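For reference, the structure discussed in these notes is given below.
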Amino acid sequence: HEAEAPAILEPGRDITPVRRSTGHRASPPPEAIACRERILAWRARGGRVACAFGKVVCDSAVPFDGGPAHRNIADWLNHSIESVRGTDTLLLIKPHPHELNNSVGAFLTEYFRDLIVGELPDNVIYLGHDWFDLADMKELIDVGTVFNGTTSTELALLEIPGILCSHFAPIDYPIGQIVPRDRDHFRRLLCGEEETKLAPDVPLRAATWMKYLSGNDRIRDYRYHSRQITNKV
């Protein structure tokens with residue numbers, strides 16, 4: 001599809017500016033402004049910034065859990081925190097906006113933050129649900145890490161390297177993002193001890209994958225429900 005690249009990339013890049021997290025606000029809260037200033041100052045002095053992108057914890061439709069470096073999503077999250085402790089990498093933890101959206105996530109009994117064991121070090125920031133949209137990360141982070149989810153594709157469209165950690169992430173999203181070999185390899189990727197460089201064609205791979213999934217051969221009208229089954233509102 002290389003010859004069709006401009007036509008494929010243009011609608012694909014329209015997806016990333018969608019304001020799923022901040023759409024209900026006219027302006028960011030003071031905490032978000034202060035956080036953004038701290039992140040930009042950290043980067044300006046040469047520090048590295050990574051972001052662990054959260055998932056609605058009960059939303060993992062895979063045959064079995066785990067990945068090449070982690071037992072499950074909780075192990076991945078806590079290992080990410082421990083990997084940056086005492087380093088010059090600032091780790092942001094961004095919870096999924098759907099955690100607070102009952103029309104999508106229903107009524108959760110466990111949240112992403114509940115998976116964290118112990119206190120966060122000074123160089124780890126747990127972001128508010130409505131502080132930043134994914135598109136804001138373009139200027140804020142050097143690398144993103146995802147256990148599994150469509151965020152891996154959106155990161156690629158934003159030309160941000162992503163580390164995919166579930167066994168099924170590179171199968172569900174086969175677009176050429178980075179996959180760790182083991183725990184130490186993941187730590188080195190997250191902290192910048194090993195290069196996390198995006199291949200030039202990864203954005204096009206992501207856009208082509210999204211076009212494939214949304215084509216008429218994959219999407220069918222479903223006339224039995226006018227709303228999601230989980231929508232109790």
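The values are calculated or read from the model by the stated rules, or taken from the named source; none is laboratory data. Not measured: the values here are computed from a predicted model. For neighbour counting, all protein chains shown are included, and Cβ atoms are generated from backbone atoms with ideal geometry for every residue, glycine included. For accessibility, only protein heavy atoms count, side chains too; no ligands or nucleic acids. Shrake-Rupley method; radii C 1.70, N 1.55, O 1.52, S 1.80 Å.
Have a look at Ala74, Ala34, Ala52 and tell me which one the Gaussian network model of the chain (Cα, springs below 10 Å) gives the largest fluctuation. Sorting by GNM fluctuation, first place goes to Ala34. Computed from label points 7 Å out along Cα-Cβ, the spacing between Glu4 and Phe64 is 3.7 nm.
GNM on the chain, alpha-carbon springs under 10 angstrom: the most fluctuating residue among Pro28, Pro203, Pro63 is Pro63.
Rounded to the nearest whole Hz, the Karplus-based 3J(HN,Hα) values (6.51 cos²θ - 1.76 cosθ + 1.60, θ = phi - 60°) of the stretch 181-187 follow the sequence 7, 7, 5, 5, 4, 4, 4, with x at glycine and proline. If you count Lys pairs in the chain whose Cα atoms are under 25 Å apart, skipping same-chain pairs closer than 8 places in sequence, the total is 10. Rolled with a 1.4 Å probe across the full set of protein chains, the surface gives Glu99 an accessible area near 10 Å². Converting the Cα gyration tensor eigenvalues of the stretch 116-156 into ellipsoid dimensions via √(5λ) gives semi-axes, longest first, of 20, 14, 11 Å. Comparing Ala169, Ala207, Ala26 in a Gaussian network model of the chain (Cα springs below 10 Å), the most mobile by mean-square fluctuation is Ala26. When restricted to Cα atoms, the chain yields an Rg and a Dmax of 17.7, 56 Å, respectively. Dimensions of the stretch 153-198 along the principal axes, based on C-alpha atoms and rounded to the nearest Å, stand at 24, 22, 11, largest first. Helix content alone sets the calculated 222 nm mean residue ellipticity of the chain: runs of n ≥ 4 DSSP H residues at -39500 (n - 2.57) each, divided across all residues, give -8500 deg cm²/dmol. Peptides 138-145, 177-184, 3-10 ranked from most to least packed give 138-145, 177-184, 3-10, packing being the mean of other C-beta atoms within 10 angstrom over each peptide's residues.
Note on the stretch 13-121: with neighbouring protein chains present and a 1.4 Å probe, carbon and sulfur make up 52 percent of its accessible heavy-atom surface.
Return the sequence-ordered ³J(HN,Hα) values of the stretch 142-148 in whole Hz as given by the Karplus equation 6.51 cos²θ - 1.76 cosθ + 1.60 applied to θ = phi - 60°, using x for Gly and Pro. Once θ is set to phi - 60°, the couplings for the stretch 142-148 become 8, 8, x, 10, 9, 6, 6 Hz.
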